[in-house]
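Step one of this worksheet: look at the structure below.
The values are calculated or read from the model by the stated rules, or taken from the named source; none is laboratory data. The model shown is predicted, which means the values in this text are computed figures rather than measured ones. Glycine gets a Cβ as well: all are built from the backbone with ideal geometry, and neighbour counts include every protein chain shown. Protein only, heavy atoms only, side chains kept; ligands, DNA and RNA dropped before computing areas. Shrake-Rupley method; radii C 1.70, N 1.55, O 1.52, S 1.80 Å.
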Amino acid sequence: MQRSFMKYPLITLVMMQIKEKFNLKFLKSRKKTAFTLIFKALQFVIATVALYALFYLSVFLKVLSFNAILYAETIMLIFIALQVMAIITTTVGLVKSLYLSGDNELLLTFPVSANKVFLSKLIVFFINELRKNYLLFLPMFVAFGILDKMAFYYYLWVLAAYVLISFMPVIIGALLSIPSLFVALLLRNAKYVQL
């Protein structure tokens with residue numbers, strides 16, 4: 001551990017936090033790992049089929065297909081609402097993790113810079129967003145592509161968009177975390193508001 005920490009401090013910090021934040025006990029056994037991967041793939045397929053059925057039903061019943069603009073606007077509105085919720089939850093989580101967490105004192109005692117600790121926390125939040133979006137945005141875009149009979153390169157775009165969509169809330173949340181911390185501290189110190 002000491003050797004790997006000195007050689008790859010950022011990776012070690014990320015791995016320490018991932019171990020703490022996510023349940024990775026299934027990795028101890030090949031059988032449990034295989035079962036978990038199959039289960040995650042099945043969850044993805046079920047989510048995609050459910051969203052495909054929802055999209056198909058909405059088109060079939062002409063709920064969203066009065067014109068193509070309404071259909072695209074509805075999908076975009078859902079996407080924006082989900083992104084705004086992701087940004088808010090990520091910002092709150094980053095404020096707690098970056099500035100109010102007790103583990104920062106421990107992490108800063110390691111022979112690494114504060115920047116690496118900060119970056120490691122952002123990477124962990126990015127991985128968490130990838131996990132959430134695996135069953136949220138990815139199935140939505142795949143179902144939309146299947147319904148609209150998109151070309152094969154659409155799905156390559158979906159993979160790139162999946163990474164970008166997962167990255168955006170983390171970056172925006174990191175930028176908003178400092179003013180949010182200031183507001184949270186003001187509210188905490190206000191006599192008439194109790195948090």
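The fraction of accessible area contributed by carbon and sulfur in the chain is 74 percent, rounded to a whole number (1.4 Å probe; ligands and nucleic acids excluded).
Between the helical axis of 9-21 and the longest alpha-carbon principal axis of the chain there is an angle of about 70 degrees.
Probing with 1.4 Å while keeping every protein chain in the model, the per residue accessible area of the chain equals 68 Å². Stokes-Einstein diffusion for the chain, with the hydrodynamic radius set to the Kirkwood value over Cα pairs and evaluated at 37 °C in a medium of 0.692 mPa s, equals 168 µm²/s.
Highest mean packing comes first when the peptides 150-157, 181-188 are listed by Cβ atoms within 10 Å, giving 181-188, 150-157.
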